[in-house]
Every structure is written in C-alpha cells, then in structure tokens.
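S.K.: This is the structure I want to talk about, given as structure tokens.
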Amino acid sequence: RERVADELLKLLALPDPVPTLALMDEGRIWRAVLPEADSDSVARVAKLVANEQAMGVEADAVRRLVAFLPEQADVARGIAYKLKLSNLIRKRIVKVRGAGSDMLTRHPRAAAHALGIEGARDLWLINGDSAALGQAMADLTGWTVPRLPIGGGAIVARGIAKGPEVARLLQLVETQWVAEGFPDAARVEAIADAVVAGEKG
C-alpha cells in the first residue's frame, strides 16, 4: 500500500499527470490498485491542473491527490488510512473533503478561518470557478488568519455565568465577526454586547 501511495504521489507531481491518469483509467488499472477512484477522479485533477496553471501556482502532489480522491469525506479518509499516508497528509485530505458544500459560497478569507490558508487554497483551486478564482487567490495571498480579539471572559463580564453558555455565545460572536470580514476589537465588543443583550432580552 505504501508503494501505491508513493508511486501515485510521484505521478501526481508531474507537470501534467492528466494524460497518464486518463490512460490508466482507460486500462482499468485503478480498479486493481485504487478501486475507490470514481468516474470523475481524472476530471477533477484536470480541472485542478488547469487552475494551477492559470494562477501560476506550483504543482502540489498532495493537493492533486485530494482532487483525485472521491468527494465523500469518509471515503477519502478511508483511502488515506488504507494507503498509510502520513498524519499531515491525512489531515489535509479530511480538511478539504470534509468542508461543507457551502464553503465555496463564503468569502475566501472566511473559508481560511475555518480551514486554514492552505486548506482554503486547496478548496478553491480544486473546486473554484475560474471566473472567481483569481480574486480568491488574491484575497488569500499574504493574508494571515486573525484570532478573535476577545475570549470567554468578555462574555462573563457581561453577566453570563461561567459554563457552556459562555462558549456558545462566544461562538455566536465569532460567527458574526467572520461574517463581517474580521472587524477590529471595538466592533467585536459591540457584537458581544448585542449577542448577550439578545440572550437576556
């Protein structure tokens, strides 16, 4: 299994592995070595390669592996374990394949907040529409995912008793903060005021 994984990653690292992948598909080789590959596996890699080339992004064998694997997160996770891939690669696969179908409808930076910069880039390069891809890559380039400027203490200070409710309300604040495009601390304090007042009201 490790040999299959090693050879597959070497193949995917080629400048354009699509012709070889397609030939292997036509010869039904995948049925023997990776039967979970579906009818769209090669097409997904082809789209990714085209997006990488259009954006001038360096080829990435792991990203291409994510594209090649089935879109169902549990199936992709199972293959990652079967191939005995490293924990780092497994996490990268599960992160992208486990992303909700609505993730691409969010601002790329909101996706990066949930998946990390690498995960968001993978998601957009694999699935993104070519018309919006350039702006998405621009939004992610050179940007660092910020941390919410307040913690649970800010919720407690507003009269909420320590416990699970604090975490729930803080999550509501964070969700609104992300939706507004990560505004500054003053705006976060105002969001916290509104969220707590809404619960008390």
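S.K.: Quick check: is even one residue across region 95-106 farther than 30 Å from W143 by Cβ, free of Cβ contacts under 8 Å to residues at least 60 places away in the same chain and open to solvent by 40 Å² or more (accessible area, probe 1.4 Å)?
M.R.: Checking region 95-106: not a single residue is farther than 30 Å from W143 by Cβ, free of Cβ contacts under 8 Å to residues at least 60 places away in the same chain and open to solvent by 40 Å² or more (accessible area, probe 1.4 Å).
S.K.: List the residue pairs whose Cβ atoms are under 7 Å apart, where the first residue sits in region 147-167 and is small (G, A, S), the second is open to solvent by 50 Å² or more (accessible area, probe 1.4 Å), and the two are 6 or more positions apart or on different chains.
M.R.: G152/A167
S.K.: A further question on this structure: Would you confirm whether or not region 117-128 contains a residue that is over 17 Å from the mean Cα position of the chain (by Cα) and open to solvent by 50 Å² or more (accessible area, probe 1.4 Å)?
M.R.: Within region 117-128, not a single residue is over 17 Å from the mean Cα position of the chain (by Cα) and open to solvent by 50 Å² or more (accessible area, probe 1.4 Å).
S.K.: Please determine whether any residue of region 159-178 is open to solvent by 40 Å² or more (accessible area, probe 1.4 Å), closer than 30 Å to E58 by Cα and not in a helix (DSSP H, G or I).
M.R.: No.
S.K.: Within region 140-158, how many residues are over 20 Å from S101 (Cα atoms) and assigned to a helix (DSSP H, G or I)?
M.R.: The total comes to 5.
S.K.: Still on this structure, please answer the following. Given the residues A76, A5, A67, which is the only one that is free of Cβ contacts under 8 Å to residues at least 40 places away in the same chain and outside any loop (DSSP other than H, G, I, E, B)?
M.R.: A76
S.K.: Sticking with this structure for a sec: A32 passes all but one of (1) modelled with pLDDT under 95; (2) hydrophobic (A, V, I, L, M, F, W, C); (3) open to solvent by less than 70 Å² (accessible area, probe 1.4 Å); (4) part of a helix (DSSP H, G or I); which number fails?
M.R.: Of everything listed in (1) modelled with pLDDT under 95; (2) hydrophobic (A, V, I, L, M, F, W, C); (3) open to solvent by less than 70 Å² (accessible area, probe 1.4 Å); (4) part of a helix (DSSP H, G or I), A32 misses just condition (3).
S.K.: Report every pair of residues separated by at least 6 positions or lying on different chains whose Cβ atoms are under 7 Å apart, first residue within region 29-50 and touching a residue at least 12 places away in the same chain (Cβ under 8 Å), second outside any helix (DSSP H, G or I) and crowded, with 18+ Cβ neighbours inside 10 Å.
M.R.: Taking only residues 6 or more apart or on different chains, the pairs are V45/P17.
The values are calculated or read from the model by the stated rules, or taken from the named source; none is laboratory data. Note that the structure is predicted; figures quoted are calculated from it, not measured. Virtual Cβ from ideal backbone geometry, glycine too; neighbours counted across all protein chains shown. Just the protein is used for accessible areas: all its heavy atoms, side chains included, with ligands, DNA and RNA removed. Shrake-Rupley method; radii C 1.70, N 1.55, O 1.52, S 1.80 Å.
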